[in-house]
Amino acid sequence: MKHSFILLLLPALLPASLFAQEDPWGADEWEEDEPASAWSGFLEAGFGTRFSADPLIDNPNTLEEIRWRLESEWQPGRYSIGFKADAAWDGIEGQWTGDVRDLTLAFTAGASTDLKIGRQVQTWGTGDLLFLNDLFPKDFESFFAGREDEYLKAPGNSLRISKYTPAVNVDFSWTPVFEPDIYLTGERFSFFSPIAGGNVAPDPPMSAIEPDKSFSNGEFALRLFRTVEGREYALYAYQGFFKQPRALTENLEPTFAPLTSLGASLRRPAGPGLLNAEISYYASRDDRDGSDPLMPNDQFRFLTGYEWEARANFTVGLQYYLEWTLDHNALMENSPFPQYEPDEFRHLLTNRLTYRAGRDRYTWSLFSFYSPSDQDFYLRPVFTYRHSDQWSATAGGNLFGGNKPDTFFSQLQDASNVYLRVRYNY
């Protein structure tokens, strides 16, 4: 367990009587006889397999697991202690794995300030499966393998402070030790390497060099937001690192480049649905003029979307996303692999279709990504059957394709898979 995690949770581990003796916010003493909420969770079996073999991966399957979720929440007085954890047998890795997704202490400091400290999943922004200003960690390996969508959001060890005022609301998140995405390593999925000129699956799996685990390399995220007459406005700022290992050291080892980002978003009713727009500016602090081929360039990112109920129980969501790589000429002039560099403008279209029937017992959905600039695509069809409040089953697929071997979705063509999960909730 990381030292920052212990530091953040220290208040939760102290005796309750310490808080009861002197409460600087005037809270009542903890009520020792107040019962905790009931334990709940689920048991789930999941299996996924590829349509065709990946010549670089021995196992044809993408998902082989039995998963047990356990969660609860205690509310002694003005405090709340949350707990959510998974234990799973992973047949791909051939071992038991554990993941604490929530272990937090939350409390109110005064009438308008909330604090939450510990291991938690955080999210903000307006995109549907597209993240501009949401720079909290993601787990793309789980997402592509066929696990539940909630596992796309990975937990991190953070302090979150929320302040509510008549003028503006503030969210501030401090992650003392950098938390990267869970990225592709070659263990479950192969990925494109410009050095090799094709896909690779390193053995041992790729492990990028992370920033020193010091507070000076921590992450700071800020959101200012307010709702006015049904319109939700937000401003964002982030100081940390790119979440994916997009940079290389002088020895050509993958690593994480320093990043500062600024952004804004709007969400509002429009006609029969909801309209959203979001923009962000990514400043690659170690490559401001775009001439260092080992570092990612600055970028502008833009997103707009619209969601509405086209007919009863049938919703449609559309999005347009743009990545504009700045100083692109300098990138092409200095890159050792200009043929694999991204276009100056990368366009992406998404479409989510969802239909519910039988009083929500049956749910069909299709989420599609298509990039006209990269000429690649990613389809996520999903069908869920809810037999009862306890039993449900989900079948789906992750289908990748494209014309260029180096683009994001095209590199995963051999990872195309179908999966089935059966869950019992208790």
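Read-outs: derived from the displayed coordinates by stated rules, not from any lab. If you're wondering where the values come from, they're calculated on a predicted model, not measured in any experiment. Counting neighbours? That spans all protein chains shown, and the Cβs are built from the backbone with ideal geometry, glycine included.
Results, tabulated for the structure shown:
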quantity: Within a Gaussian network of the chain (alpha carbon springs, distance under 10 Å), most fluctuating of ALA154, ALA111, ALA310; calculated: ALA111
quantity: Non-local Lys pairs in region 3-425, i.e. 8 or more apart or on different chains, that have alpha carbons under 18 Å apart; calculated: 9
quantity: Cα gyration tensor shape for region 102-170, rounded if a/c is under 1.5, else prolate or oblate; calculated: oblate
quantity: Longest DSSP-loop-exposure-free segment, GluC sites (Glu not before Pro), the chain, at most 16 other Cβ within 10 Å; calculated: 251-343
quantity: Assigned charges on the beta-carbon of Lys, Arg, Asp, Glu; the chain dipole about Cα centre (debye); calculated: 1300
quantity: Ranked THR49, THR350, criterion: other C-beta atoms within 10 Å, fewest first; calculated: THR49, THR350
quantity: Neighbourhood net charge (12 Å Cβ-Cβ; Lys/Arg +1, Asp/Glu -1) for PHE367; calculated: 0
quantity: For the chain: Kirkwood Rh in Å [reciprocal of mean 1/r, alpha carbons]; calculated: 23.6
quantity: Size descriptor, Kirkwood hydrodynamic radius, that averages inverse alpha-carbon separations across region 338-426, Å; calculated: 14.9
quantity: Sequence of ILE195, ILE81, ILE66 once ranked by neighbouring C-beta atoms within 10 Å, starting from the fewest; calculated: ILE195, ILE66, ILE81
quantity: Mean shadow area of region 149-214 over all directions, Cα convex hull, nm²; calculated: 7.7
quantity: Fewest-first sequence of THR126, THR113, THR165 by Cβ atoms within 10 Å of each Cβ; calculated: THR165, THR113, THR126
quantity: Percent of C-alpha pairs per 5 Å bin, region 30-133, short to long; calculated: 3, 10, 13, 13, 14, 16, 13, 7, 5, 3, 2, 1, 0
quantity: Quarter of the Cα convex hull surface for region 252-357, i.e. its orientation-mean projected area (nm²); calculated: 9.0
